[in-house]
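Here the structure is laid out as C-alpha cells; the discussion comes afterwards.
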Amino acid sequence: MASQVTVRLTDDLAQEVSSLGRRLRLKRSDIVRMALKKFADEFEAKAGLHPYENVKHLIGGLASGIPDLGKNHRKYLLERLKKHA
C-alpha cells in the first residue's frame, strides 16, 4: 500500500517543480518521488562508507608551510591556543 506525505514548498520551488513537470510531461508527485529516491540512494551509498571515504578528497589539499606539522602537531596546537588565550 502506498503511503502519503504532505510537503510544503516555497513558491519558487513549487514553480520549478511545475515547470519541470510540464517539460518532462510528468506529474509533480512523480518528480518529488524521483528526487526523494535519488536522495535516499545517494545517502545510503555514502552511509556505507568509512569516514575516510567521505574526506579523502580533502586530504593533502592544504599546505601549512610547517614541515613537521604531522609529527609535532600537539606542540603547534598548544602554542596556538596559548597565543589566543
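A short reminder: the numbers here are calculations on the coordinates, not readings from a lab. No experiment lies behind these values; they were computed from the predicted model shown. Note that we place each Cβ from the backbone using ideal geometry, even for glycine, and neighbour counts take in every protein chain shown.
Rounded to the nearest whole Hz, the Karplus-based 3J(HN,Hα) values (6.51 cos²θ - 1.76 cosθ + 1.60, θ = phi - 60°) of the range 22-36 follow the sequence 5, 5, 8, 6, 10, 6, 4, 5, 5, 5, 5, 4, 5, 5, 5, with x at glycine and proline. Computed over neighbours whose Cβ is under 15 Å from that of L77, the net charge equals +4, Lys and Arg +1, Asp and Glu -1. Rounded to the nearest 20 debye, the dipole size of the chain about its Cα centre is 140 debye, using +1 on the Cβ of Lys and Arg and -1 on the Cβ of Asp and Glu.
Nearest 0.05, what FRET efficiency do A85 and N54 give at R0 = 30 Å with Cβ-Cβ as r?
Values: r = 32 Å, r/R0 = 1.07.
My answer for the efficiency is 0.40.
In order along the range 59-75, phi translates into HN-Hα couplings of 5, x, x, 10, 10, 8, x, 9, x, 10, 4, x, 7, 10, 4, 4, 4 Hz, rounded to whole numbers, per the Karplus curve 6.51 cos²θ - 1.76 cosθ + 1.60 with θ = phi - 60° and x for Gly and Pro.
Label points 7 Å out from Cα along the Cβ direction at A47 and L13: separation in nm? That separation, rounded to one decimal, is 2.0 nm.
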